[in-house]
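One structure below.
Here, each number is a calculation from the coordinates, and none is a lab measurement. Bear in mind the structure is a predicted one, so any value in this text is a computation, not a measurement. When we count neighbours, we look across all protein chains shown, and the Cβ atoms used for this are built from the backbone with ideal geometry, even at glycine.
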Amino acid sequence: MKLFFFKDTLKKTAGIIVISAGALLMFVAIFGVVTGYDKGNSEDVRIGYLTGGLSLAMIIPGFRLYLSGVKLSKLEERLKQLAAIIKTYRRISLTEIAGKLGIKSDEAEKLLNTAVDLNLIKGHMDRTTGEFFISESLDEIKKISFCPNCGTSLSQVIHTGETAKCPSCGSFFH
């Protein structure tokens, strides 16, 4: 898990180093071309152009490497936000996750799967309700079959300390 979060910093740092080396090489190339023209030395001009091409061959991949690190940083931040939300709510639907993170439900599901794969959160998905439960909360679950007020048949699952609402009569219960 920590290696995943180290990759973003490593990629950004490597990208900056490669870009810097390419920029330095570009400066040398420009200097070579300018002095070659001033002295009328075509050999210096050719070497300057070759060095300039080499510097671009370094700068472009350096930018790609840096941008890849930035993308991983954003993913890391999203995963941390997701883990915090899920640990706070203990039970939450993909739709709610998507709304809180400002993303689409399918993106929320992919993010949730990544967080589980990286062991940032442990739990399981209740496919009947579309909710994710963290493992620590499984011991605190109560299944509600009937409304204690009106007797309506229910299939709700709540955690200890949560309040549920009957869809028929609107009464709240624990």
**Request:** Compute all pairwise cysteine Cβ distances in the chain, then list the cysteines with no distance under 4.7 Å to another cysteine.
**Result:** none
**Prompt:** Out of LEU75, LEU25, LEU65, any idea which swings most in a Gaussian network model of the chain, alpha carbons joined below 10 Å?
**Reply:** LEU25
**Item:** Helix axis angle, 105-117 relative to the chain longest principal axis, alpha carbon, degrees
**Value:** 80
**Message:** I'm spelling it out carefully: the read-out is Kirkwood radius over Cα pairs in Å, the candidates are [x] 21.3; [y] 17.7; [z] 20.6, and one was derived from this structure. Which label?
**Reply:** [z]
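Neighbouring Cβ atoms within 10 Å as the yardstick, rank PHE133, PHE63 fewest first.
By the 10 Å Cβ count, ascending, the order reads PHE63, PHE133.
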**Cα→Cβ-extended label distance, 7 Å offset, between LEU75 and LEU54, nm** = 3.4
**Cα-based Rg and Dmax for region 59-122, where Dmax is the largest Cα-Cα distance (Å)** = 13.6, 47
**Request:** In whole angstrom, note down how far apart the Cα centers of region 61-93 and region 18-36 are.
**Result:** 37
**Item:** Residue order, fewest to most beta carbons within 10 Å, for ARG127, ARG78, ARG46
**Value:** ARG127, ARG46, ARG78
**Request:** Provide ILE16, ILE121 in ascending order of the number of other Cβ atoms located within 10 Å of each residue's Cβ, fewest first.
**Result:** ILE16, ILE121
